[in-house]
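Visitor: Please see the structure below; I have some questions.
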Amino acid sequence: MINTKITSVFFFVLVSLSNVLYANQSDMESDYKLYKIAKKLKYQKPDSAILIIDQIIRNNNLKDSALYDVIESAGDAYWHKSDYTQSIQYYKKAHELAFKINNKPRIAKGYSNLGYLYKEIAQYDKAIEYLKKAMEIALENNFSNHYLITSTYLANVYGEIKQYELANRILKDALNKVLAIQDSSSVAVILNNLGSNYLKSNQLDTAEYYYKKALEIDRRNNNTKEVAINQISLAEIYYRKGNYKESLRAAFESEQIFQNYKVSAELSSNLLIIAKAYLELGNREKTLNYMNEAVLLTEKVNALGVTTATYGDMSLIYSKLGIMDSAFKYLELYSELNDSIFRLEGTTKIAQMAAQIDLSKKEKEIELLSAEKKMQLMELKNQRNKQYFLYGGILFLLIFAGVMYNRFKITQQQKRIIEVQKVETEKQKQIVEEKNKEISDSIIYAKRIQEAILPSRYSLTEHLKNGFVLYKPKDIVSGDFYWLEKYKESIYFAAADCTGHGVPGAMVSVVCANALSKALLEENQTETGKLLDRTRELVVERFTRNDENVKDGMDISLCRITKNRLQWSGANNPLWIIRKDSNSVEEIKANKQPVGKTDNFNPFDTHELELNSGDSIYIFTDGFADQFGGNNGKKFMYKQFKELLLSNSHLEMNEQKEKLNQSFIEWQGKQEQVDDICVIGVRV
């Protein structure tokens, strides 16, 4: 309210000053000078610029080209404050004027601006339509610079609909052209768009490279808003890489710049990144504060894509906070908006195809009528001289025409059938593509939910300071999982292999991980053997609620460390210990039964061991040893796995992880990964 009053006062002062300064000038000159003031204000104080422009429009003194400049500036101001719907309305009015004065550059620019804004509100079909019109006009009139800018906008749209290869090809072609003319601002824009596409496809290192190049240019050119936008993207990259403090540094720099803009889609995204980073660092209060601030801002921004992404992130944050009602609420909102964005409308295109077929048919009929007229003229001209011959010729022509007409009808019928089949095939293809995309999106979201139940990198680093986790799912989601909880003075951690892999394995892993945490944290089953016994009961109870005979469960190696005391229990998977300065691997065997439904169940054994400083312990699933590869395409085997761990046991734990990963990649070669992999190493 205060900001609105300040803006109104500022506007009143400006108009009053203009009345004094331009009192002796014509109304047209006075309004055009007011426009110049608004033009200077449209980026720093867009609300003030809009008030001035609306007054100029009401004065109705400017016409044609001058009025176009004024209305377009209003569109610019609304765009800058992320009010895309209002921006579109003003740009459309300016576009109508561009057609009226037949100004080709402005017509092309209008299509380009409208196309970009339709992309911002997720109307991708309209965005592509307008941008292609802009490029056609630019190409016809040799507007090379405008063609280049619009092509980058089009690439941005293709990036939004996940056509990354096509988008990057357009952008790299444009980049070569702007590098040749040394246009640094355009180079920065294209580098930013390339970074955006690689970020969306989760190629984080490549995305970081392009964003840093763009940031370097924007800093040099003092483009503060572009600097802030680049920093938001880098903050998201650092967050995904697990570098949460660096993510906050970049996000706070961006936030400081965006404080000058009261409402901004970019600021909303930035606040969510800060919330997610604080969540991973364990600061619940700041997570909720920044998230709520982001939601309030998102509701003021008319940008469907931003709102959709916000709801998706909020669902994930609430899930990690354990507030499941809110998590499901925002997941439902995210799904509804996401479906509306990618709903395709093919009716118009089919109607156009049908119209083209009808037109083609009419042209053929006209050709036939013309041919018949010519034949009649020939008959009349030669009737007297070649009567008998003509009768025979006419008879032959009639038979031939009948045959040809029949063939023509058959061909047309076949063509219609082919067209109908083609349309139906395209529909089916579109349905399959949509279903595949829905399945793919669901699996990717399932991965994010599964990651939410896994210990964060921050938690691992805090509790297993001298350790590593090598985690390599076979598919997007995994049947293997690692688990960690701190309870009183003890640290519990485990490597588990659930029945199956991919989506089924992941579903089982969620049940098993939750059962472990419940048995420990809620039921106080602290001894590892009894903890597995109770976990087994919870898993069996979960999977036998109906009459189905489900035998899903997990193999697991479970450790509890209290100071230098190790307590361990295992289901099918053993524990390996390499003592300091030892040349052998000490193996503790597991119970030969899973954590799940089994015919002859026995309580799990609990093993107590004393650890000395420098001793290393290893727990794992069977994926590493079962991998096929090498020169003969054989399994890696446990014997070779032991030798590999023993040969590297003198190294630091993070170096051991790199050696294990490198050895696995070299052994696998071109073979497919056969199973999920999880290896945990800890040095006392």
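The values are calculated or read from the model by the stated rules, or taken from the named source; none is laboratory data. On a predicted model such as this, the values are computed, not experimentally measured, just so you know. Neighbour counts are summed over all protein chains in view; Cβ atoms, including those assigned to glycine, are modelled from backbone coordinates with ideal geometry. Accessible surface areas use protein heavy atoms only, side chains included; no ligands, DNA or RNA. Shrake-Rupley method; radii C 1.70, N 1.55, O 1.52, S 1.80 Å.
Visitor: With respect to the numbered conditions (1) surrounded by fewer than 16 Cβ atoms within 10 Å (Cβ to Cβ); (2) on the phi > 0 side of the Ramachandran plot, which one is the sole condition not fulfilled by residue 122?
Guide: The single condition residue 122 does not satisfy is (1).
Visitor: Give the residues of region 586-627 that are more than 24 Å from residue 482 (Cβ to Cβ) and either in contact (Cβ under 8 Å) with a residue 12 or more places away in the chain or of a type in the set (Val, Ile, Thr) (or both), sorted by residue number.
Guide: Listed by number, the residues that qualify are 601, 603, 610, 612, 613.
Visitor: Please state which of the following conditions residue 526 fails to meet, knowing it meets all the rest: (1) outside any helix (DSSP H, G or I); (2) of a type in the set (S, T, N, Q); (3) in contact with a Leu (Cβ under 8 Å, 6 or more places away or on another chain); (4) buried (at least 17 other Cβ atoms within 10 Å of the Cβ).
Guide: Tallying (1) outside any helix (DSSP H, G or I); (2) of a type in the set (S, T, N, Q); (3) in contact with a Leu (Cβ under 8 Å, 6 or more places away or on another chain); (4) buried (at least 17 other Cβ atoms within 10 Å of the Cβ), residue 526 fails exactly one: (4).
Visitor: Only one of 111, 90, 78 is more than 26 Å from residue 298 (Cα to Cα), crowded, with 20+ Cβ neighbours inside 10 Å and of a type in the set (Phe, Trp, Tyr). Can you tell me which?
Guide: Within the list 111, 90, 78, the selection yields 111.
Visitor: A further question on this structure: Pairs under 9 Å by beta carbon, first residue without any contact (Cβ under 8 Å) to a residue 12 or more places away in the chain and in a helix (DSSP H, G or I) in region 502-522, partner open to solvent by 10 Å² or more (accessible area, probe 1.4 Å) and of a type in the set (A, V, I, L, M, F, W, C), six or more apart or different chains?
Guide: 507/446
Visitor: Taking the conditions exactly as written (of a type outside the set (D, E, K, R), modelled with pLDDT of 85 or more, touching a helix residue (DSSP H, G or I) at 6+ places or on another chain (Cβ under 9 Å) and under 20 Å from residue 449 (Cα atoms)), does residue 311 satisfy them or not?
Guide: no
Visitor: Here is a further query. Of all the helices (runs of 4 or more DSSP H) wholly in region 132-207, which have at least 3 residues that are farther than 20 Å from residue 115 by Cβ and either open to solvent by 50 Å² or more (accessible area, probe 1.4 Å) or not aromatic (Phe, Trp, Tyr) (or both)?
Guide: 164-180, 184-200
Visitor: Can you report the number of residues in region 234-275 which are within 16 Å of residue 298 (Cα to Cα), in a helix (DSSP H, G or I) and open to solvent by less than 20 Å² (accessible area, probe 1.4 Å)?
Guide: Within region 234-275, residues that are within 16 Å of residue 298 (Cα to Cα), in a helix (DSSP H, G or I) and open to solvent by less than 20 Å² (accessible area, probe 1.4 Å) number 10.
Visitor: Go through 532, 516, 520, 538 for me and flag whichever is open to solvent by less than 40 Å² (accessible area, probe 1.4 Å), over 22 Å from residue 575 (Cβ atoms) and not β-branched (Val, Ile, Thr).
Guide: Testing whether each residue is open to solvent by less than 40 Å² (accessible area, probe 1.4 Å), over 22 Å from residue 575 (Cβ atoms) and not β-branched (Val, Ile, Thr) leaves just 538.
Visitor: Would you please list the contacts, defined by Cβ atoms under 9 Å and residues six or more apart or on different chains, that run from a residue in region 318-338 that is at pLDDT 75 or above and part of a helix (DSSP H, G or I) to a residue that is open to solvent by 50 Å² or more (accessible area, probe 1.4 Å) and polar (S, T, N, Q)?
Guide: The qualifying pairs do not exist here.
Visitor: Pairs please, first residue from region 88-107 and within 24 Å of residue 123 (Cα to Cα), second anywhere and assigned to a helix (DSSP H, G or I) and among the basic types (Lys, Arg), Cβ atoms under 6 Å, 6+ apart in sequence or on different chains.
Guide: Close Cβ pairs (under 6 Å, with a partner that is assigned to a helix (DSSP H, G or I) and among the basic types (Lys, Arg)) amount to 98/106.
Visitor: Please go through region 257-273 and give me each residue that is modelled with pLDDT of 85 or more and closer than 21 Å to residue 218 by Cβ, ordered by number.
Guide: 273
Visitor: Related question: With respect to residue 494, is the statement that it is within 36 Å of the chain's Cα centre (by Cα) and open to solvent by less than 50 Å² (accessible area, probe 1.4 Å) true?
Guide: yes
Visitor: Of the residues that make up region 482-492, is at least one modelled with pLDDT of 75 or more, of a type in the set (Asp, Glu) and within 23 Å of residue 575 (Cα to Cα)?
Guide: Among the residues of region 482-492, at least one is modelled with pLDDT of 75 or more, of a type in the set (Asp, Glu) and within 23 Å of residue 575 (Cα to Cα), which makes the answer yes.
Visitor: Would you call residue 216 surrounded by 16 or more Cβ atoms within 10 Å (Cβ to Cβ) and either out of contact with any strand residue (DSSP E or B) (no Cβ under 6 Å at 6 or more places or on another chain) or among the basic types (Lys, Arg) (or both)?
Guide: no
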